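Trainee: My questions all concern the structure below.
The values are calculated or read from the model by the stated rules, or taken from the named source; none is laboratory data. Quick caveat, the model's predicted, so the values are computed rather than measured. Every residue, glycine among them, receives a Cβ derived from its backbone with ideal geometry; neighbour counts consider all protein chains shown. Please note that ligands, DNA and RNA were not included when accessible areas were found on the heavy atoms of the full protein model with its side chains. Shrake-Rupley method; radii C 1.70, N 1.55, O 1.52, S 1.80 Å.
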Amino acid sequence: MEFKKCTINGTPYGEAYTEALAGMQKRQGIDVEAEGRRAREQIATDRVTMIERVRKMHDNPYLQDDELTFVAPDFVADLGGESGPAQRAACERFMLALALCHTVITERTPGDPPKIEFKAQSPDEAALVATARDVGFTVMGRSNEGIIINCLGEEREYTVLNTLEFNSTRKRMSAIMRMPDGKIVLFCKGADSVIYSRLKKGEQPELRRQTAEHLEMFAREGLRTLCIAQRELGEDEYQKWNIDHDLAAAAVQEREERLDAVADTIERELTLIGGTAIEDRLQDGVPDAIQLLAQAGIKLWVLTGDKVETAINIGFSCNLLNNDMELIVLKVDDENVQAAEGALDQELAKFGKSGSDEELKAAKKNHEPPAPTHALVIDGDTLKLVLDNRLRQKFLLLCKECKSVLCCRVSPSQKAAVVQMVKAGLEVMTLSIGDGANDVAMIQEADVGVGIAGEEGRQAVMSSDYAIGQFRFLTRLMLVHGRWSYRRLSETIANFFYK
């Protein structure tokens, strides 16, 4: 996970040439190799300029030159005040929010210069705090009551009053801090859809529009986006809320639900600060592995939490989609089951299907891979509608006609529901592969679960049948060892009957 770009107070910063951007340019017929070479040369030049400017503004002993991922010389210039005091204050506030709103543990390695590393529940969080460190807002560690931050050479202590932790339902996390001047501030980071719905009504219309445009642009480049917001709290308001929070935290029954409900009451009326964009790089050999598995007649479905634009561009970069395919994008805005059914009927009609029981019986017997002419893309909200018992069969038959299926912005429970639908609906063997805690439900639901041991931790590995180090090893696991195992079993069973 590498922090690549951000948008602060309506100004975008950062440079990156991502795999998804290469996939997008591939769709447009651009020479990807030449363009990639040119972009990487430019990034290398700007990286040197940025390091020089950072050192000139504040000789940060914790900046490791070779570990800098956020390349933005214009950000350092604005942090120094070149675009005026308002933008400088916004940049400082943004980086301070990244340095304060987290659950990271600091590890210090003595030396000259000393090295500070961060251990976090998710690699995204570590990347955010590491970038704040690189530009001069270093998390030095935790004291008994708060966090010690080195802000451009000046050490300050911020008291942590409450931490409202992230989960897949809330899609956000918050930290309530007492600032050195005595004010109480809530910093919140989370998915853009969640944060935007909690912003103060009628305020910052231009900033919201600009930030949304920048986040959309980052998502198209294959970057994972987050929104950062804050809210100043009055002393009385906080004390009253804190009593409710303590009661919920002490509850024996339904503690998680009560904590979420209490957090929901204070994470409102927020003020937008900006957004971040992190690159989750594909491992080596993923495009070749996907191509080989597809040639073997294996139907590939991608279940991801990424945005639709991100997933499509990554699909192109890893050979899951190509320019010859017609993309079917299922998106129902008004959460209406009838509207979803109409969209399914319209798409099924293109294949001469109606979604009947006879067609499902035929689909169960037909194991030929579909023609590489269509691919289906669906978002989480629409998926919730089509997984309804009335529409499930039609959705399954439509997916059966598509070479690739991408389900975007899906929750862990939806991932498991899709696997269950395919397994039970078509009566086939399913294999799920994932690398994070949010993939555990899907891995356990499938007939065969494969966990990848990597940056996301070992939860996926611990709940899987097989553990591998990289995605590309899946080809040997299935096409070599899988075949050998199948042959051994079939010969052994024949021998049992002979005996």
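Trainee: From the phi of every residue in the stretch 94-109, what ³J(HN,Hα) in whole Hz does the Karplus formula 6.51 cos²θ - 1.76 cosθ + 1.60 yield, where θ is phi - 60° and glycine or proline is x?
Mentor: Result, ordered by residue: 4, 5, 5, 4, 5, 6, 9, 8, 6, 10, 7, 9, 8, 10, 10, 9 Hz.
Trainee: Let me ask you something else. Would you mind getting the accessible area per residue of the chain, heavy atoms of the protein chains only, 1.4 Å probe, in Å²?
Mentor: Ligands and nucleic acids excluded, the result is 49 Å² per residue.
Trainee: With θ set to phi - 60° and the Karplus curve 6.51 cos²θ - 1.76 cosθ + 1.60, what are the ³J(HN,Hα) couplings of the stretch 354-364 in order, to the nearest whole Hz, using x for Gly and Pro?
Mentor: Per-residue couplings from phi come out as 10, x, 7, 5, 5, 5, 5, 4, 5, 5, 5 Hz.
Trainee: Using a simple spin-label model with points 7 Å from Cα along the Cα→Cβ vector, what separation in nm is obtained for GLN239 and VAL448?
Mentor: In this crude spin-label approximation the distance works out to 6.3 nm.
Trainee: Excluding GLU107 itself, what net charge comes from residues whose Cβ is under 11 Å from its Cβ, given Lys and Arg +1 and Asp and Glu -1?
Mentor: Within the 11 Å Cβ shell, the charges total +2.
Trainee: Continuing with this model, one more query. Along its three principal axes, how long is the chain when you only count alpha carbons? Whole Å, largest extent first please.
Mentor: Projected onto its principal axes, the Cα set of the chain covers 80, 54, 52 Å.
Trainee: Here is a further query. Using only the alpha-carbon atoms, how far is helix 32-57 inclined from the longest principal axis of the chain? Give it as 0 to 90 degrees, nearest 10.
Mentor: 20
Trainee: If r is the Cβ-Cβ distance from ALA339 to ALA34 and R0 is 41 Å, what FRET efficiency results, to the nearest 0.05?
Mentor: 0.35
Trainee: Tell me which residues come under 5 Å, amide H to amide H, from ALA467 once H is placed; ignore anything under 5 positions away on its chain.
Mentor: Close amide H contacts, sequence-distant or interchain: GLY451.
Trainee: Taking Cα atoms, how many degrees apart are the long axis of helix 123-134 and the longest axis of the chain, rounded to 10 and kept between 0 and 90?
Mentor: The helix 123-134 is inclined about 30 degrees to the chain.
Trainee: To the nearest 0.05, how large is the calculated FRET efficiency for GLU155 and ASP46 if R₀ is 25 Å and r is the Cβ-Cβ distance?
Mentor: 0.25
Trainee: Suppose every K and R has +1 on its Cβ and every D and E has -1 on its Cβ; what is the size of the dipole of the chain about the Cα centre, in Debye to the nearest 20?
Mentor: 1300
Trainee: Tilt of helix 412-426 relative to the longest C-alpha principal axis of the chain, in degrees (0 to 90, nearest 10)?
Mentor: Once rounded, the angle reads 10 degrees.
Trainee: About the Cα centre of the stretch 20-59, how large is the charge dipole given +1 on each Lys and Arg Cβ and -1 on each Asp and Glu Cβ? Please answer in debye to the nearest 20.
Mentor: With Lys and Arg at +1 and Asp and Glu at -1, about 80 debye.
Trainee: Give me the percent of the accessible area of the chain that comes from carbon and sulfur atoms, probe 1.4 Å, all protein chains in place.
Mentor: Answer for the chain is 49 percent, counting heavy atoms of protein chains only.
Trainee: Using only Cα atoms, locate the centre of the stretch 91-130 and the centre of the stretch 454-499, then give the distance between them in Å, rounded to an integer.
Mentor: 39
Trainee: FRET efficiency for LEU477 and ASN366, Cβ-Cβ distance as r, R0 = 30 Å, nearest 0.05?
Mentor: So, using R0 = 30 Å, E works out to roughly 0.70.
Trainee: Would you kindly derive the ³J(HN,Hα) couplings of the stretch 195-211 from the backbone phi angles with the Karplus curve 6.51 cos²θ - 1.76 cosθ + 1.60 (θ = phi - 60°), listing them in order in whole Hz, with x for Gly and Pro?
Mentor: Running phi through 6.51 cos²θ - 1.76 cosθ + 1.60 with θ = phi - 60° gives 5, 4, 6, 10, 6, 5, 4, x, 10, 6, x, 5, 5, 4, 5, 5, 5 Hz.
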